[in-house]
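Worksheet: one structure, shown below.
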Amino acid sequence: MRIGSGFDVHAFGEGDHVMLGGVRVPHGRGVVAHSDGDVVIHALCDAIFGALALGDIGRHFPPTDARWRDADSRQFLRHAAVLMARHGYTLGNADVTVIGEAPKVGPHAQAMRENLAADLDSEIGRISVKATTTEKLGFCGRGEGIAAQACVLLERA
C-alpha cells in the first residue's frame, strides 16, 4: 500500500463560478489560476503523485506551459489514473476536504464524487468529498480564496 497527501489553494478573482471536483459551482467570484483552478482535483492529483513518488502536479502540468492555460483539470486526474495503473496500483480510497466559507459544497458533493470516481475508474464508495470552514479565520475565512486537501490510499493491483 501507499499513502499520499495533497493540498491546493487559489485566490478568488473575477468570475461567476468555481470548478470543484469537475463541477461548475455558481459563486460570486472565480479563481485566479493557470488552468480551471479546481482545488479538489489539484489536491487529489498531488496526493496520487505523492503516493507514487512522482512529484507534484506542477511537474506534470507546469503553469509555464501554455498548453495548460484554462485546461479542464479532469484531464489531469485522468493522467494521474493512468500513472497509477501503469505503476501497478488501484485506488483504495480518496478523502478530499474543501476549505472555505463559500461556496457551499454539500449540494454538489455527490456530483463531484461521481466525476472523481469516473476519472479514476473507481467505485464511488471509495471517494469522499466534504467541506469545512475556517470559522472566518485566515485567507479562506476572509473570503480571499479557497483550498482543498486530499489523502489517498493506493493498493497493489
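The values are calculated or read from the model by the stated rules, or taken from the named source; none is laboratory data. All figures in this text were calculated on a predicted structure; none of them were measured in a lab. Heads up, the Cβs are rebuilt from the backbone with ideal geometry, glycines too, and the neighbour counts pull from every protein chain shown.
Would it be correct to say that ASN93 is over 26 Å from PRO26 (Cα atoms), at pLDDT 95 or above, in contact with a Lys or Arg (Cβ under 9 Å, 6 or more places away or on another chain) and surrounded by 14 or more Cβ atoms within 10 Å (Cβ to Cβ)? Yes. Scanning the range 27-49 for residues that are farther than 22 Å from GLY106 by Cα and either surrounded by fewer than 20 Cβ atoms within 10 Å (Cβ to Cβ) or charged (D, E, K, R) (or both) yields VAL32, HIS34, ASP46.
Reported count of residues in the range 66-90, each being touching a strand residue (DSSP E or B) at 6+ places or on another chain (Cβ under 6 Å) and modelled with pLDDT under 95, is 0. Within this structure, ARG126 passes the test of being buried (at least 17 other Cβ atoms within 10 Å of the Cβ) and among the charged types (D, E, K, R). Taken together, ALA94, ALA80 contain a single residue that is over 14 Å from ASP8 (Cα atoms), in a strand (DSSP E or B) and touching a residue at least 24 places away in the same chain (Cβ under 8 Å), which is ALA94.
Criterion first (under 12 Å from the mean Cα position of the chain (by Cα) and either surrounded by 19 or more Cβ atoms within 10 Å (Cβ to Cβ) or at pLDDT 95 or above (or both)) does ILE3 satisfy it? Against the criterion (under 12 Å from the mean Cα position of the chain (by Cα) and either surrounded by 19 or more Cβ atoms within 10 Å (Cβ to Cβ) or at pLDDT 95 or above (or both)), ILE3 does not qualify.
In the condition set (1) in a helix (DSSP H, G or I); (2) at pLDDT below 95, PRO63 is compliant with all but (1). Among the residues of the range 7-26, some residue qualifies, meaning at least one is within 27 Å of ALA157 (Cβ to Cβ) and surrounded by fewer than 20 Cβ atoms within 10 Å (Cβ to Cβ). Selection of the range 97-114 for residues being of a type outside the set (Ser, Thr, Tyr) and outside any helix (DSSP H, G or I) yields VAL98, ILE99, GLY100, GLU101, ALA102, PRO103, LYS104, VAL105.
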